[in-house]
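Have a look at the structure below, then the notes.
The values are calculated or read from the model by the stated rules, or taken from the named source; none is laboratory data. Since the structure is predicted, the reported quantities are computational estimates derived from the model, not experimental observations. Cβ: placed from backbone, ideal geometry, glycine included. Neighbour counts: every protein chain shown.
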Amino acid sequence: MDFDLSTEQVALVDGVQSFIEGRFPMATVRDLADEGGVRRDLWRQMADMGVFSLRLSEADGGAELGWADAVLAFEQLGRGLVPGPLVWTHLMAGIVDGAAGGDIIVSGIDRDDPSALVEFPGVVDVVVIADDRGLWSTDASKLEFAVLDPLDPLTPVGRVRGELPEGTQIADADQAKKLRLQGAALTSGLLLGISTASTELAVAYAKDRQQFGRPIGSFQSLKHLMADMFARGEVARGAVYAAGVTLDDPEVGSIERAVASAKLTSAEAALTNGKTCIQVHGGMGYTWEVDAHLYLKRAYALEPAFGTRDDWADAMAGILDTLV
Amino acid sequence: MDLRYSESDETFRAALRQWLAEELPTLSAKPSAHDWAGRRSYDTDWQRRLFEAGYAGISWPTEYGGRGATLVEQLIYLEETTRAGAPYVGVNFVGTLHAGPTIMTEATAEQKAEHLPRILRGDEVWCQGFSEPNAGSDMGSLSCRGVRDGDEYVISGQKTWTSHAQVADWCELLIRTDTDAPKHKGITWIMFPMDTPGIEIREINTIAGTSEFSEVFFDEARVPVAHRVGLENDGWRVAMVTFGFERGTGFVSDLVETDRMISDLVRLARLVTRRSATAWEDVALRREIGHIQAEMDALWAMTKRNLAQAARNGVPGPAGSVMKVVYSELYQRVTDVAMKVLERGGLALENVGEWPSGSFVAERVRSTSFSIAAGTSQIQRNIIAERILGLPRE
């Protein structure tokens, strides 16, 4: 057992990090808020790097990597606040034509979601609808959206007008269940990245900002806030990586259990750390210009995806019920 | 990243399980909590059996008589012994996990030969004389005095929170040997025989009604300089050496026990019925228990990550501080939830009717110390903030 990153995984993480630093620096990310969150050329560059095709076979143009690797890549994407329906498009690579190559942008929604909010209504090509019979795809052009002012400026939303169409079935109930677990694992990766970035931002600020003649990071009350940010992130990190490994190697444990732990701890870490990052910034944290709010808002946007914290806590209780 | 156990890991596990299945039924009954002579007997008997079976000093190098187990084997050892309900390390704690490793690293060949085999066999019990009434979190300010007089130190002062002092043979003792030097530079680490004249042991009564800790008063107790480990006034560094040994396995037993406790809590919740529903049918309680288990699973994953990194780097990160802070406070939440399940059943420290409730209530009290002992949560947070995040000292 060696639950640390392999040399290849370290290289993968470095590669994704460099790509994001080059193509998605914070200034670019912030600009995307005025462009519907996604620029097609950047999206295709992500596809070329393999973000969506990572796990596909070489014959299908993929890198034949595993879920553990995908989770690592998504952690960096989350850390870089890269906007877009990354998880749904990745899940649909190999199922919806064009998704893997970055030509078709895919977003998803539960059929019974009372909000009826679809993410990235301005750019999405295919909307996938999930219900307990499976997954159904529909052309986004067939839908009408009432665009609403989004919480996360980088996660634009539109409310579907009228009933959702039935759609064309692309996965049965069992496949849909699997994909939901996989989607939750990838989202956990994004959330872990947000948690880490919030901690990094807070610590950097606290080392720099001076009050009462010294860096505010020297005061215990702030130190303790940030120590907890770090601890929360480390707790989530183990769980998130374990979920990836378990998806690749189901012999080591229950996938549902691993995903429950990953989604719940990473959502807690991202949300709490997002809030705490703003707190550490004091008044400046309340300004649009400081990046802190973007992490918190993204955490809120991702938390309900593929099961809320409560959903996964309930799932875990259900698992305990069968074991005890 | 890989979570599978190797074939040799599984062979180790199987052999250990087999031995435990054969050995544990032959143990005598557990002594009562205040029967210290009985507890010493019980715990050292277990140490002896481990020694005879080749499991003593699981993390000790083989050159000192230990098993020299890999980190994964140590993880397996702790998992299996805890799951099987084997005796806890008990009075062997300081010897096998603290004083022993310090002696291994810092002592002379003679001191090692004198003490290490005896510790491993359960023939020698150690206690720790570090904390003082005025030196808790600020252990460096300790003032228990050791005055050099020829080839002896004359020791006067007071130690507190000394575990198992009542039955210990030796004490790993920190004394102040230079009152003029800066505080961390005037401390000496010495092996103190507990049958030395001039000491008095007073049990501390804890809020849990237990007596495992004592105050120890020294009144001109004399100890040979030959019992000193390391150089005079170099004792602080010697004491810190032990913290360098933590490789991520420190909380494995606790994690196993807590997982078991959560399962027991589910069983308890199914038994407690009020307003014609069981506590387990209460969505809020169920959800909270599920949430806690999700966090426990995360701590297992974190343990395995820490182990892998320690194995690779050889140097323990301050990752131990993260585990300590998170685990201690999570465990307190488990016992809090148990109290919620019990409602007025929590007024008794013993089982109420058919409910196996007593141990949960007792643990609610006992768990209070987890965020205080071995470095308070506040100190741990300082360590994380300063040593991991690099935030400046106050």
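Within the range B:105-120, how many residues turn out to be farther than 15 Å from residue B:225 by Cβ, among the hydrophobic types (A, V, I, L, M, F, W, C) and either touching a residue at least 24 places away in the same chain (Cβ under 8 Å) or in the same structural domain as residue B:193 (by TED's automatic domain parsing) (or both)? Adding up the residues that qualify gives 3. Given the structure, is residue B:271 more than 8 Å from chain A (Cβ to nearest Cβ), in contact with a strand residue (DSSP E or B) (Cβ under 9 Å, 6 or more places away or on another chain) and in contact (Cβ under 8 Å) with a residue 24 or more places away in the chain? Yes.
Does residue B:255 meet the test of being within 10 Å of chain A (Cβ to nearest Cβ), crowded, with 20+ Cβ neighbours inside 10 Å and assigned to a helix (DSSP H, G or I)?
no
Here the helices (runs of 4 or more DSSP H) wholly within the range A:205-324 that include at least 1 residues being at the interface with chain B (Cβ under 7 Å from one of its Cβ atoms) and either surrounded by fewer than 16 Cβ atoms within 10 Å (Cβ to Cβ) or in contact with a Lys or Arg (Cβ under 8 Å, 6 or more places away or on another chain) (or both) are A:220-248, A:255-280, A:309-323. For residue B:68, the criteria (1) in contact with a Ser or Thr (Cβ under 9 Å, 6 or more places away or on another chain); (2) at negative phi hold in every case but one, which is (2). Taking residue B:235 as the residue in question, decide whether it is buried (at least 22 other Cβ atoms within 10 Å of the Cβ), over 24 Å from residue A:307 (Cβ atoms) and more than 8 Å from chain A (Cβ to nearest Cβ). In short, yes.
Counting only strands (runs of 3 or more DSSP E) that fall entirely inside the range A:85-134 and contain at least 2 residues that are within 16 Å of the chain's Cα centre (by Cα), the qualifying elements are A:106-110, A:117-119. Being among the β-branched types (Val, Ile, Thr) and over 15 Å from the mean Cα position of the chain (by Cα) holds for only one residue in B:162, B:108, and it is B:108.
Filtered by the rule that a residue be closer than 21 Å to residue B:166 by Cβ and surrounded by 21 or more Cβ atoms within 10 Å (Cβ to Cβ), the range B:133-155 gives B:144, B:155.
Taken over the range B:48-94, the residue count meeting the criterion of being acidic (Asp, Glu) and either in contact (Cβ under 8 Å) with a residue 24 or more places away in the chain or surrounded by 18 or more Cβ atoms within 10 Å (Cβ to Cβ) (or both) is 3.
Residue-by-condition table, conditions (1) among the hydrophobic types (A, V, I, L, M, F, W, C); (2) more than 23 Å from the chain's Cα centre (by Cα); (3) away from chain A (no Cβ under 14 Å); (4) assigned to a helix (DSSP H, G or I):
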site: B:16; (1), (2), (3), (4): yes, no, yes, yes
site: B:25; (1), (2), (3), (4): no, yes, yes, yes
site: B:30; (1), (2), (3), (4): no, no, yes, no
site: B:33; (1), (2), (3), (4): yes, no, yes, no
site: B:37; (1), (2), (3), (4): yes, no, yes, yes
site: B:47; (1), (2), (3), (4): no, no, yes, yes
site: B:51; (1), (2), (3), (4): yes, no, yes, yes
site: B:55; (1), (2), (3), (4): no, no, yes, no
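Being part of a helix (DSSP H, G or I) and buried (at least 24 other Cβ atoms within 10 Å of the Cβ) is a property that holds for residue A:73.
Of everything in the range B:258-297 that is small (Gly, Ala, Ser) and part of a helix (DSSP H, G or I), the residue that is surrounded by the fewest Cβ atoms within 10 Å (Cβ to Cβ) is B:284. All told, residue A:55 falls short of being modelled with pLDDT of 95 or more, farther than 28 Å from residue A:252 by Cα and over 15 Å from the mean Cα position of the chain (by Cα).
Among the residues in the range B:5-12, are any outside any helix (DSSP H, G or I) and either at pLDDT 95 or above or not assigned by TED's automatic domain parsing to the domain that holds residue B:212 (or both)?
yes
For residue A:51, the conditions (1) outside any helix (DSSP H, G or I); (2) within 14 Å of chain B (Cβ to nearest Cβ) all hold with the exception of (2). Filtering A:155, A:199, A:187 for residues that are within 13 Å of chain B (Cβ to nearest Cβ), crowded, with 16+ Cβ neighbours inside 10 Å and of a type outside the set (Gly, Ala, Ser) leaves a single hit, A:199. Listed by position, the helices (runs of 4 or more DSSP H) inside the range B:298-394 whose residues that are within 12 Å of another protein chain (Cβ to nearest Cβ) number at least 3 are B:319-342, B:377-383.
The combined condition, being more than 22 Å from the chain's Cα centre (by Cα), modelled with pLDDT of 95 or more and not in a loop (DSSP other than H, G, I, E, B), is not fulfilled by residue A:137. Would you call residue B:283 in contact with a Ser or Thr (Cβ under 9 Å, 6 or more places away or on another chain) and within 9 Å of another protein chain (Cβ to nearest Cβ)? So residue B:283 does not fit the description; no.
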